[in-house]
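Encoded as structure tokens, the structure appears first; notes follow it.
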Amino acid sequence: MKKYSYVGISFIVLIFGIIFIPRIVNRVKDTSVVKNDRMSADNPYANEKLAYLKINGEPRKVPEFAFLDQDSILITNHDYKGKVFVAEFFFTSCPTICPRMNRNLVYLQNELKEYPNFGIASFTINPKFDTPTRLKKYAENYKVTDPDWHFLTGDREDIYDLANAGFNIYAAENPEVPGGFEHNGYFALIDKDGYMRSRYDQSGNPIIYYRGTIGVEEKMDENGEEEQITVLLEDIKKLLEE
């Protein structure tokens, strides 16, 4: 190859570096773009309106409930009317996944503090132990500031029925597991009208629930499951804008 051919190729490489490398560097520095690339951009359904979870073809609505919160105030599903909220099932003495779940909810609380129509419902699955007083202390320890984040306790059967039949989020007593209770570490997303919603996966099916046990900083757990708090935050904002 002649000398001027090498010069031409070098010139092209130089121009490419001047134009495109700064853009690539900026893209890597912009963590929000990187997250969107990983969590959303590769999903052809990422920009779709969030799915309604359905049973027998009918959109699934949060059942009626009425429980006392950490301030001993009776809170019902009607108190969340007009609000987008996240629901979880947990217990204050949980030694395993609950602390991670509630740290992630604190993250959402802080990211959404400018939205007055966002809330959280945390239902204890150990109501005998988790009195309003104990729930109040728990909320203070986690620096809960959202007035619409209610830690709820009440009749054991009502809570378990709400979890297992109402939300289809498994919860049960089990003396053989750490803490004496077992439950899924999922978050349910509910819209302003009380309907359960979720985004679609890459196959066009609703993901149904969001993983609540993996933090944004962790990105992935030991089983290779990616965190979904980032996409949950995106989807909360979608519903807030509806």
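The values are calculated or read from the model by the stated rules, or taken from the named source; none is laboratory data. As the structure is a computational prediction, the values presented were derived from the model and not from experiment. Cβ placement follows ideal geometry from the backbone for every residue including glycine, while neighbour counts extend to all protein chains displayed. For the accessible areas, the whole protein counts, side chains as well, though only heavy atoms, and no ligand, DNA or RNA atoms are used. Shrake-Rupley method; radii C 1.70, N 1.55, O 1.52, S 1.80 Å.
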The range 50-131: GluC sites (Glu not before Pro) in DSSP loop, at most 16 other beta carbons within 10 Å
E64, E114
Mind checking the log10 I(q)/I(0) for the range 51-241 at q = 0.08, 0.09, 0.11, 0.13 Å⁻¹? Debye, one equal scatterer per Cα, no solvent, two decimals.
-0.23, -0.29, -0.45, -0.64
Percent relative contact order for the range 51-241, counting Cα pairs under 8 Å at least six residues apart, stands at 28 percent
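Taking Cα pairs under 8 Å and at least six residues apart, what relative contact order does the range 108-193 come out at, in percent?
On the way: 80 pairs, mean separation 22.1, N = 86.
Reported relative contact order: 26 percent.
Trypsin sites (Lys or Arg not before Pro), restricted to the range 123-179: which are DSSP loop and have at most 11 other Cβ atoms within 10 Å? Write down the numbers at each step before the final one.
Values: sites: K128, R134, K136, K137, K143, R156; in loops: K128, K143.
Passing both the DSSP loop test and the Cβ count: K128, K143.
For the range 39-96, what is the relative contact order in percent, using Cα pairs closer than 8 Å and at least 6 residues apart in sequence? Show your work: numbers first, answer last.
Details: 22 pairs, mean separation 9.0, N = 58.
Across the range 39-96, relative contact order equals 16 percent.
Report, to the nearest whole %, how much of the accessible area of the range 51-241 belongs to carbon and sulfur atoms, 1.4 Å probe, protein only. Intermediate values should be presented prior to the final figure.
Working: 4290 of 8990 Å².
Taking all protein chains in place, the range 51-241 shows 48 percent carbon and sulfur surface.
Using DSSP to call loops (not H, G, I, E or B), can you name the chymotrypsin sites (Phe, Trp or Tyr not before Pro) in the range 98-166 whose Cβ has at most 14 other Cβ atoms within 10 angstrom?
Numbers: sites: Y107, F118, F123, F129, Y138, Y142, W149, F151, Y160; in loops: F129, Y142.
In loop regions of the range 98-166 (DSSP not H, G, I, E or B), the sparsely surrounded chymotrypsin sites (Phe, Trp or Tyr not before Pro) are F129.
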FRET efficiency for I55 and E226 from the Cβ-Cβ distance with R0 = 30 Å, rounded to 0.05, comes out at 0.60
Write down the accessible area per residue of the range 51-241 in Å², having rolled a 1.4 Å probe over the full set of protein chains.
47 Å²
